[in-house]
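Below: the structure, in structure tokens.
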Amino acid sequence: MNRSRWIVVFFALASAYAQTPEMKVVNAAAEALGGKDRILSVKTIRVDGYGQQAYQNGGGNPTGSPDAPQKWTNVNGMVWTFDLEHHRMRREQRLVQDFVFAYARNMDGDTRVNQVLDGNVAYNVGADGRAVRANDAAARARRIDMLNNPVVMVRTALDPSTKLSGLHTSGKVQVMDLTTAQGDKVRFAVVTESHLPAWMSWVGPDNNLGDVTYTTYWTGFAIENGVRLPIGYNTVQDWRNVVWSKFYIDKNSVDVPVSDMSAPAAVRAGQAPAPRPPDVIVTPIVKGVWYLHSGGGSSTAFEFADHLTLFEAYGNENNAEAIIQKARTLAPGKPLTQVIVSHHHFDHSGGLRAAVAEGLTIITQRGNTGIFEEMAARPAKEFPDALGRNPKPIKIIPVDEKLVLKDSAMEVDIYRVISNNHMPDGIMAYIPSAKAVAEGDLVDEGWDIVWWGDSYNATVKYWNLQVEKDLPVHGNIHTYEEVLAFLRSQIKNAQDLCDRAEKSHLTLQGCPVVNTF
Ligand SMILES: [Zn+2]
């Protein structure tokens, strides 16, 4: 071998050693997307499109069955912009629920989202243009959302401050672990043959499900101003393989003008809001029954001869824990042992994991037991919650149509709800001594429309109950006459919304309104 050939071999070896196997794959991905220099020179990206999101992450369907039809929230007018020079991102979209719901604004597309990340500062811009600082969890979620764009992902992987490790082949892709300078961990996969980015995955915290792994698949890479970007984003959860979100891209634009995303000085100077326990206000109803009002969702407590039982563990760990602690002060010496959960929807079961961690037995309709068992069995190791720190098996007492809880001190009768398209597996609690009903989602004075407005009256009639008072999860205590008046006017508002849609030659789900009384 002559001298010049030795030099060639030397340089080949030197460059091989300078490049980790992970960096070789990243460099090939950069080439596939338009070349390393082009990718690193990108200043702005604008992604216009639309899509759908699983309502309540798959926990808002009519029932908790894995076979229940998925409710979708439509995402219209998505404008997803990146200012890569300054590490900023904005997501603007209009959310429209593609199912009947309780607020007209959720059905006619007036819910606008304008979420921004500026470095590590997350803020939201309201309809009035006011910017409000978002919490640290939102900042983390938005840093991950930036990496959800494959060009941003490859640029981040090329950054010397990013750690790459664990390269391995899995089927047709090469997979590596990536830790950003901010400490965010994601997994990144590149198609072995084309070198195009295939998917990224990450773990996020969830109130109801503990640690959730999300995987976003990128498809349909099209060239735009020298850079390849996907026109399909499909994100799947590791719980039931629920499609968490799907986005259809109308247009990718590269190095076009984008809006100023810098955080206003007042936002930047303020602190990221930290969660604090809600105030729980106790109202005695009759002997042994207390209404525990919380802005985060209310509960009712019942005192039996040797224990206390709660109705609902709503919202999240923070709200449920505040209510559980308050309930424990009501009858000193008696343990709180049970919680009745009205239905499986992820807002109403937001405190389920906290309740299980507290050792409470769950009382719910039999149709909810499967999903509750799934929820309680999931780990929370990356983002520990009460149950993640203190794993326990769930204890459930299932109710079919009726269950009477009765001893020498208290009687609470649990009934399955009737004629309810929102929660056919829902239950409510009737307290004979108070002629009162504790319920979730049968009524809310704050709703402006309703599509299951006949259910409360139908349930009361079916079970032949004498009801004078409503103890709601949402809103405030009202008489039963007031409840029926709220529902009648909300039903009328729903019909008016249907009429407006009809006059505009548009169709709207749930029209005309048939659940009337
Ligand atoms: Zn509900």
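Details
- Within this structure, Lys251 passes the test of being part of a strand (DSSP E or B), assigned by TED's automatic domain parsing to the domain that holds Trp218 and either exposed (fewer than 15 other Cβ atoms within 10 Å of the Cβ) or at pLDDT below 95 (or both).
- Residues within the stretch 229-246 that are closer than 17 Å to Pro197 by Cβ and either part of a strand (DSSP E or B) or touching a Leu at 6+ places or on another chain (Cβ under 6 Å) (or both), tallied: 6
- The stretch 414-436 - residue that is polar (S, T, N, Q) and either closer than 27 Å to Val514 by Cα or in a loop (DSSP other than H, G, I, E, B) (or both) and, of those, farthest from the ligand (Cβ to nearest atom): Ser419
- Being acidic (Asp, Glu), within 15 Å of the ligand (Cβ to nearest atom) and at pLDDT 95 or above holds for only one residue in Glu411, Glu439, Glu445, and it is Glu439.
- Conditions (1) buried (at least 18 other Cβ atoms within 10 Å of the Cβ); (2) touching a residue at least 40 places away in the same chain (Cβ under 8 Å); (3) part of a strand (DSSP E or B); number of the one not met by Val152: (3)
- Criterion (away from the ligand (no atom under 16 Å from the Cβ) and over 20 Å from Leu405 (Cα atoms)) met by exactly one of Ala354, Ala327: Ala354
- Test: residue in the stretch 390-404 that is more than 19 Å from Thr213 (Cα to Cα), over 18 Å from the mean Cα position of the chain (by Cα) and within 16 Å of the ligand (Cβ to nearest atom): no
- Among the candidates Asn464, Asn515, Asn476, the residue that is loosely packed, with under 14 Cβ neighbours inside 10 Å, part of a loop (DSSP other than H, G, I, E, B) and of a type outside the set (Asp, Glu) is uniquely Asn464.
- Close Cβ contacts (under 6 Å, 6 or more residues apart or on different chains) running from residues in the stretch 81-100 that are in contact (Cβ under 8 Å) with a residue 60 or more places away in the chain and closer than 11 Å to Arg46 by Cα to residues that are charged (D, E, K, R) and part of a strand (DSSP E or B) comprise Thr81/Arg46; Thr81/Arg90.
Quick grid of which residues meet (1) outside any helix (DSSP H, G or I); (2) in the same structural domain as Ala32 (by TED's automatic domain parsing); (3) aliphatic (A, V, I, L, M):
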position: Ala137; (1), (2), (3): no, yes, yes
position: Thr156; (1), (2), (3): no, yes, no
position: His168; (1), (2), (3): yes, yes, no
position: Val186; (1), (2), (3): yes, yes, yes
position: Ser194; (1), (2), (3): yes, yes, no
position: Gly204; (1), (2), (3): yes, yes, no
position: Asp211; (1), (2), (3): yes, yes, no
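- Within the option set Tyr233, Tyr314, being crowded, with 17+ Cβ neighbours inside 10 Å and not assigned by TED's automatic domain parsing to the domain that holds Arg91 holds for one residue only, Tyr314.
- Residue-level analysis places Thr300 among those that are polar (S, T, N, Q), on the phi < 0 side of the Ramachandran plot, in contact with a Phe, Trp or Tyr (Cβ under 6 Å, 6 or more places away or on another chain) and assigned by TED's automatic domain parsing to the domain that holds Pro432.
- Residue pairs meeting the criteria (Cβ under 6 Å; at least 6 apart or on separate chains; first without any contact (Cβ under 8 Å) to a residue 40 or more places away in the chain and closer than 12 Å to Ile427 by Cα, in the stretch 343-364; second away from the ligand (no atom under 16 Å from the Cβ) and not in a loop (DSSP other than H, G, I, E, B)): none
- For the stretch 448-480, taking the residues that are polar (S, T, N, Q) and in contact (Cβ under 8 Å) with a residue 12 or more places away in the chain, the one that is nearest to the ligand (Cβ to nearest atom) is identified as Ser455.
- Inside the stretch 122-137, residues that are surrounded by fewer than 20 Cβ atoms within 10 Å (Cβ to Cβ) and in contact (Cβ under 8 Å) with a residue 24 or more places away in the chain make up a count of 5.
The values are calculated or read from the model by the stated rules, or taken from the named source; none is laboratory data. This one's a predicted model, so the numbers in the text were calculated from it and none came from an experiment. For neighbour counting, all protein chains shown are included, and Cβ atoms are generated from backbone atoms with ideal geometry for every residue, glycine included.
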